[in-house]
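Student: What follows is a structure written as structure tokens; I'll ask about it next.
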Amino acid sequence: MALKIKEEIKKDPIKKDLMGFEKTSEKDKPFSPLNFWLMGGCAILIFLGYLFMSGGGSTEPNGFNPDIFSTRRIVVGPLLSFLGFLLMAFAIICPPYKWDAVKKKFKKEK
């Protein structure tokens with residue numbers, strides 16, 4: 001019995017990192033590096049959308065500045081932010097093993 005347990009330990013040793021913690025396999029991780037890159041890109045897209053929506057107001061207290069209703073502020077900025085939030089949800093939800101399958105597929109085609 002003890003011999004059988006020793007053989008199983010030799011076949012599947014627990015891998016530990018430098019701190020002594022058990023390493024997790026790639027399949028057990030919730031996000032792959034590609035997920036993090038996509039989330040970073042989406043965060044930049046959201047930031048750009050908010051940056052496009054911002055701007056100065058009128059310099060006179062009783063004056064009107066027509067730049068408030070520019071296309072950049074009303075259409076482009078909200079569209080960029082919305083796309084950023086939409087793609088962020090996709091980057092979070094998509095499982096990491098799907099990305100690995102896509103990567104292998106592209107390597108085979110080349």
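The values are calculated or read from the model by the stated rules, or taken from the named source; none is laboratory data. It should be emphasised that the depicted structure is a prediction, and the values quoted were computed from it without experimental measurement. Every residue, glycine among them, receives a Cβ derived from its backbone with ideal geometry; neighbour counts consider all protein chains shown.
Student: Just to check your reading of the model, which residue among G55, G63 is at positive phi and at pLDDT below 90?
Tutor: After applying the criteria, what remains is G55.
Student: Identify the residue in the stretch 66-105 that is modelled with pLDDT of 85 or more and of a type in the set (S, T, Y) and, among all such residues, is surrounded by the fewest Cβ atoms within 10 Å (Cβ to Cβ).
Tutor: T71
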